[in-house]
Amino acid sequence: MRHQLFIDGQWRSPVKGGTFPVVNPATEEVIHQAPAGTAEDIDLAVKAARRAFDSGAWPRMSGRERAVYLRAIAERILERKQELGRLEVIDNGKPLPEAVWDMEDTAGCFSFYAALAEELDDNPQETITLSEPRFSSKVVREPIGVAGAIIPWNYPLLMASWKVAPALAAGCTMVLKPSELTPLTALELAAIAEEVGLPAGVLNVVTGLGPEAGQPLSEHPDVDKLAFTGSVPTGAKIMAAAARDIKNVSLELGGKSPFVVFADSDIDKAVEWIMFGIFWNQGQVCSATSRVLVEESLYPALMERLITEAAKIRIGDGLEDGTLLGPLVSKGQYDKVLAMIERGRSEGATIAYGGKRPSGLDTGYFLEPTILTDMDEDSFVWREEIFAPVVCVKPFKDESDAIRMANDSRFGLAAAVMSKDRERCERVARAFRAGIVWINCSQPTFTEAPWGGYKQSGIGRELGRWGLNNYLEVKQITAFESDEPWGWYIK
Ligand code: NAD
């Protein structure tokens, strides 16, 4: 585990020399003291990224040249996937097979954007046909500049890759600030960048607390673009900071995503996708299907089966074989989630299953998979993100009732629908006010497809070619091709 920040291609101790503890959520032990970067370190990192962008080789290389580095990063991640996966488990708590899957996805993200960097060379410009024949016009795309990335703790390295890979592919340089709850693998990414010989200043990694390192990054005048994933309140602060200097900003925020299950659904399939939608990664997933709407006639049978299957989930340390549900990420998050469940109960919800620490697991931030029912539509637990393995289930009468309830939210990240009637699925998919819609499944995420939300779930899209566009400026170059004088002032 690393004790220094990675700035300008070098490992450096934070200017103020501070550290912060990293806790294994399964054991509650402090496993590391990570370097606590502050505004001074952010300033050094941004200046390094600025130099690398303004006068360095990176933005001037061809896409093919940059792709070689991105592919080398992907290879190193794959080679080290078990070890990096274990670091992720002791940092975040997730079961090891999930963490290793994340590492494969992370490597895949770097390879995907390597290919898009090459495509930039193949399509260097686009000719525009103008209504005025005396002019010609073309469009070229250029890297935005220095990007600041601030990321959360739920998929530490994967969330980093969603920003680092497209930014680097586009030719931007970057300062990455991981979450203080999970700083370990971002520093390993810096080590990998060093190993593959990424030019100094292209990727800088500064670990630290939100207000001490994240805020100065969001406010730094030399940052051209801010890419943020995290909560709505922090997203609002980032947007306000970006507004001051008119920085380009993309936000991936929270969700309270609905899953509408019609009565003709296969009950096994419905229950499994609900479980994948809310128990994977301890439900600490922005797109988690945390509101399940079940057609009235199926509701009793589905509830019975869901409770039976939830009770079988093996809870424990993510490093233990067979664990399907690890601990929540931190004491702070654990206390918050228990208080939210309590609030649900006090507002009238029934705890159909779970809701407390599992017996026999006295240490660690463990919570039983939790199923809440009978809550009002205006109750806190139905409306607000809990970010835990806590699902709220409600019956609905008919399709229009389901769509109304699904869309009645300030969030609009994801939504899912299940039915044997494919036409109905397509109709409901169109009616959802959400950026990501799943039919007959919930959660599978693909690097090729756009990711992002409507309403308060964010601004912009990551992944796919949309993710690359986040880091590209569009420039029109228009030429007057005629020998005729323009003839407005001088006839
Ligand atoms: P958070 O907003 O508390 O923190 C996110 C990051 O912001 C951390 O790195 C933190 O240090 C930093 N930060 C905190 N205060 C800051 C400030 N004043 N200025 C700048 N940076 C600051 O969120 P979290 O608890 O880490 O993550 C959970 C949230 O993230 C959930 O709401 C979840 O829905 C959301 N999320 C969204 C997506 C998505 O793709 N839409 C993905 C993962 C998580």
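Axis angle, to the nearest 10 degrees, between helix 39-54 and the longest C-alpha principal axis of the chain: 50 degrees. Listed by chain and number, the lysines placed with their C-alpha closer than 19 angstrom to that of Lys397 are Lys420; residues fewer than eight positions away on the same chain are left out. Once both labels are positioned 7 Å from their Cα atoms along Cα-to-Cβ, the gap between Asp398 and Glu65 label points is 6.5 nm.
Which angle between 0 and 90 degrees, to the nearest 10, do you get for helix 422-431 versus the longest principal axis of the chain when only C-alpha atoms count? The answer is roughly 60 degrees.
Give the longest segment of the chain that steers clear of GluC sites (Glu not before Pro) in DSSP loops with at most 14 neighbouring Cβ atoms within 10 Å, not counting the sites themselves. Segment 29-295 is the longest. Shown in residue order for the range 140-145 are the 3J(HN,Hα) couplings computed by the Karplus curve 6.51 cos²θ - 1.76 cosθ + 1.60 at θ = phi - 60°: 10, 10, 10, x, 5, x Hz (x for Gly and Pro).
Let me have the relative contact order for the chain, percent, based on Cα pairs under 8 Å that are six or more residues apart. Result for the chain is 18 percent. Measuring between alpha carbons in the structure, the pairs from Lys225/Lys455; Lys177/Lys356; Lys47/Lys163; Lys163/Lys394; Lys81/Lys247; Lys138/Lys177 lying more than 30 angstrom apart are Lys177/Lys356; Lys163/Lys394; Lys81/Lys247; Lys138/Lys177. Within the chain, what whole-number % of the accessible surface is contributed by carbon and sulfur, with the 1.4 Å probe and all protein chains included in the calculation? Ligands and nucleic acids excluded, carbon and sulfur give 52 percent. Can you check what the net charge comes to around Ser257, using other residues whose Cβ is under 10 Å from the Cβ of Ser257 (Lys, Arg +1; Asp, Glu -1)? For residues surrounding Ser257, the net value is +1.
Only helices enter the 222 nm calculation for the chain: every DSSP H run of n ≥ 4 contributes -39,500 (n - 2.57), and dividing by all residues gives -12000 deg cm²/dmol, rounded to 500.
Each Lys and Arg Cβ is given +1 and each Asp and Glu Cβ -1; about its Cα centre, the range 258-439 then shows a dipole of about 360 debye. Other residues whose C-beta falls under 9 angstrom from the C-beta of Gly63 contribute a net charge of -3, scoring Lys and Arg +1 and Asp and Glu -1. Counting only Cβ charges, +1 for Lys and Arg and -1 for Asp and Glu, the dipole size of the chain around its Cα centre is about 760 debye.
For the chain, the residue among Leu324, Trp162, Ile490 whose Cα projects farthest onto the positive side of the dipole built from Cβ charges is Ile490. Between Gln33 and Trp11, the FRET efficiency estimated from the beta carbon spacing at R0 = 25 angstrom works out to 0.95. Normalised per residue, the accessible area of the chain is 41 Å², obtained with a 1.4 Å probe and no contribution from ligands, DNA or RNA.
Counting only DSSP beta bridges whose two residues both lie in the chain, roughly 45 percent are antiparallel.
To the nearest ten degrees, helix 63-79 and the longest principal axis of the Cα atoms of the chain are 30 degrees apart.
Note on Asp408 and Trp488: the model spin-label points, each 7 Å out from Cα along the C-beta direction, lie 5.6 nm apart. Once the C-beta distance of Glu79 and Asp122 is scaled by a Förster radius of 35 Å, the resulting FRET efficiency is 0.75 to the nearest 0.05. The heavy atoms of Met418 present about 10 square angstrom of accessible area, all protein chains included, probe 1.4 Å.
Dipole orientation for the range 258-439: of the candidates Ser359, Gly412, Ile267, Gly412 has the Cα lying most toward the positive pole (charges on Cβ; Lys, Arg +1; Asp, Glu -1). Lys397 sits with roughly 140 Å² accessible to a 1.4 Å probe, with DNA, RNA and ligands left out of the calculation.
The values are calculated or read from the model by the stated rules, or taken from the named source; none is laboratory data. This structure is a prediction, so every number in the text was calculated from the model and none was measured. No Cβ is skipped: glycine too gets one built from the backbone with ideal geometry, and neighbour counts run over all protein chains shown. These area figures cover heavy atoms from the full protein model, side chains too; ligands, DNA and RNA do not enter into them. Shrake-Rupley method; radii C 1.70, N 1.55, O 1.52, S 1.80 Å.
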